[in-house]
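Before any comments, here is the structure.
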Amino acid sequence: MVERKNRVDGERTRGKILAEAEREFAEKGYELASVREITRRAGVNMALANRYFGSKEDLYRLVAKRLFGDLGAPMASLAEKAVDDASWRAAVREWVDDFLFMTMPTEPAQALCAALFRHEVTHPTKFHEEFLRDFGKPVYDALRNLLACAVADETQLELWTTSVWAQVSVYALADKTWHASFRPDGVGTRAWAERVRDHICATLFAAVAFLGKPVGLMP
């Protein structure tokens with residue numbers, strides 16, 4: 001019974017440290033974040049944090065994994081859904097919608113994820129290439145594979161992939177003040193995300209129609 005209580009207490013303490021680490025790294029970025037401040041917020045000592053997580057580097061990697069998660073997983077199979085024009089359009093809308101939902105800070109976890117993403121892009125750390133490989137590239141590749149269903153020319157494919165990526169990424173890079181300035185008065189974050197999604201997709205679909213490759217000719 002005592003062993004079980006100690007295990008539960010340990011898990012609770014570990015969770016508190018991780019939660020405060022997420023806040024600290026998201027607010028300040030890796031370089032300025034302080035493990036001492038994290039432990040102060042969590043109400044534990046430095047030795048306990050080190051015992052659970054090791055170094056600041058290890059803690060940061062774990063926080064990034066928790067916040068970014070396997071972002072590419074739900075998007076990776078979207079291209080497989082594109083068997084005709086209608087299903088392809090639906091898959092593209094799903095990708096754009098998922099990306100915008102992840103990066104627009106309507107929920108606390110999203111806000112932390114977007115903030116950490118913003119720090120890594122604007123002030124790259126020594127983990128940048130690692131995070132790009134593990135978290136960013138799978139999401140980008142999912143979009144590229146999806147667009148390849150409808151865009152045959154490699155140059156056009158790369159242009160449209162980077163164009164859509166840039167349009168959605170600006171929302172991940174903007175803080176809440178900029179997010180508010182993007183939206184018309186009286187329009188909520190989710191409603192604005194839907195308008196942005198529809199605008200991006202409408203432009204893309206019009207261009208694909210002009211290029212003229214039938215969707216559904218999967219490799």
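When you scan the stretch 117-134, do you find a residue that is within 29 Å of A86 (Cα to Cα), in contact (Cβ under 8 Å) with a residue 40 or more places away in the chain and open to solvent by less than 60 Å² (accessible area, probe 1.4 Å), even just one? Within the stretch 117-134, none of the residues are within 29 Å of A86 (Cα to Cα), in contact (Cβ under 8 Å) with a residue 40 or more places away in the chain and open to solvent by less than 60 Å² (accessible area, probe 1.4 Å). A single member of D84, D98 is of a type in the set (D, E, K, R) and either in contact with a strand residue (DSSP E or B) (Cβ under 8 Å, 6 or more places away or on another chain) or touching a residue at least 60 places away in the same chain (Cβ under 8 Å) (or both), and it is D84. The residue list A86, A109 contains one member that is in a helix (DSSP H, G or I) and either within 20 Å of Y30 (Cβ to Cβ) or open to solvent by less than 60 Å² (accessible area, probe 1.4 Å) (or both), which is A109. Scanning the stretch 65-95 for residues that are among the aromatic types (F, W, Y), modelled with pLDDT of 90 or more and closer than 23 Å to L132 by Cα yields a single hit, W95. Cβ-Cβ contacts under 6 Å between residues 6 or more apart (or on different chains), taken from a first residue in the stretch 156-177 that is free of Cβ contacts under 8 Å to residues at least 12 places away in the same chain and among the β-branched types (V, I, T) to a second residue that is part of a helix (DSSP H, G or I) and open to solvent by 10 Å² or more (accessible area, probe 1.4 Å), are absent.
Among residues of the stretch 19-45 that are over 14 Å from E57 (Cα atoms), those with a beta-carbon under 7 Å from a residue that is not in a helix (DSSP H, G or I) at least six positions away or on a different chain give the pairs T39/N45.
The values are calculated or read from the model by the stated rules, or taken from the named source; none is laboratory data. Treat the numbers as computed from the prediction; the structure is a model and nothing was measured. Reconstructed Cβ throughout: ideal geometry from the backbone, glycine too, with neighbour counts over all protein chains shown. The protein model used for the area step is the full one, side chains on, heavy atoms only, and it has no ligands, DNA or RNA in it. Shrake-Rupley method; radii C 1.70, N 1.55, O 1.52, S 1.80 Å.
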